Structure formats: C-alpha cells, structure tokens
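The values are calculated or read from the model by the stated rules, or taken from the named source; none is laboratory data. The shown structure was predicted, so the numbers you read here are calculated from the model rather than taken from an experiment. Positions of Cβ are generated from backbone atoms using ideal geometry, with glycine treated the same way; all protein chains shown enter the neighbour counts.
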Amino acid sequence: MSFRIPSVKSKASFDAPFEVNKGEYEVTNPMVTGAVSKNSHFSHAIENSEQSFHQNQLRREMVMLRNVQGLHAPMRLAMELKAAERVGRHPFMPSSGLMRDVLLGRDEEIGFEDVLNCSEFKEEMGQPHAIVEKKLGFF
C-alpha cells in the first residue's frame, strides 16, 4: 500500500570512484597528494541519513498535509516558512532561526545543533562596518 511518501533511503554522497595513490607502506604521501580533505572520505549511510533528516521530515509532512487537508495547507506552510527566512537582520549578526523552528515544531526538542552550534563560539568574526558596506555595494 503506497501513501506516495518519498523514499528516505540514503544515497551515496560521492560521484566518481575513489582512487588512492598509495606510496610506501600503503600510506598516501601528503607531499604528493596534498593534505587530506574532509570530502575524500566515504561517509556512513547513517551520517547521510542524519544530514538529510530534517529535509526528509519536512517533505514527508508536506505530503501528509496535502493528502489530509488539501493543497492549501502545504502552500500556506511554505509561504510562512519563506516569510520567516526573509526577516531582516544585519548581515554581521547570526540568525537564530527561531521563527522557522516554531513553525516546524522544532522549538521543543534539543539536538546537536543546539548544543554544539552556539553563535558565541564561532571562530569567524567579521568587522560589522565592512560587512554592511560590502552588502550595500560600497566596495
């Protein structure tokens, strides 16, 4: 029995076959191949699933809303989400995404992004005046 819900199976995150140039002792030579990048490693299926969990959940909820309440419900929710994303803030201030979390019902759950992604611990800090001038096109 199909409810026309899209598949949530993870897909491979790489396009081409991965070849490693092994040197002496079956270890890559960083002087030849360069430093190891994060994208060169295969990711686990669970990691892919976790990265796309919220997107898959939103897609599933939109399909269920359309089947139960009609086309107007997912369109209205999509418009509210779009309006919540367009709320103006200064370019140098991080957005908390609170309105989006409230609309999606994620304001009552605690996840990794709440604990490990605090804006006060960011390593990048720009100069507010320079960022605003760049945004306004003065440079």
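Things worth noting here:
- When every residue of the stretch 86-93 is checked against the conditions, none turns out to be surrounded by 11 or more Cβ atoms within 10 Å (Cβ to Cβ) and assigned to a helix (DSSP H, G or I).
- Here Met93 passes the criteria (1) in contact with a helix residue (DSSP H, G or I) (Cβ under 9 Å, 6 or more places away or on another chain); (2) closer than 30 Å to Arg4 by Cβ except the one numbered (2).
- Hey, Asp114 at pLDDT 85 or above and under 30 Å from Met62 (Cα atoms) or not: no
- Any hit, the stretch 113-125, residues being polar (S, T, N, Q), surrounded by 11 or more Cβ atoms within 10 Å (Cβ to Cβ) and free of Cβ contacts under 8 Å to residues at least 40 places away in the same chain: yes
- Residue in the stretch 96-106 that is closer than 30 Å to Met62 by Cβ, at pLDDT below 90, assigned to a helix (DSSP H, G or I) and of a type in the set (Asp, Glu) present: no
- Here Glu109 fulfils each of the conditions (1) modelled with pLDDT under 95; (2) part of a helix (DSSP H, G or I); (3) surrounded by fewer than 13 Cβ atoms within 10 Å (Cβ to Cβ) apart from (2).
Conditions (1) modelled with pLDDT under 80; (2) out of contact with any Phe, Trp or Tyr (no Cβ under 7 Å at 6 or more places or on another chain); (3) not in a helix (DSSP H, G or I), marked per residue:
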{"position": "Ala12", "(1), (2), (3)": "yes, yes, yes"}
{"position": "Met31", "(1), (2), (3)": "yes, yes, no"}
{"position": "Val36", "(1), (2), (3)": "yes, yes, yes"}
{"position": "Glu50", "(1), (2), (3)": "no, yes, no"}
{"position": "Leu58", "(1), (2), (3)": "no, yes, no"}
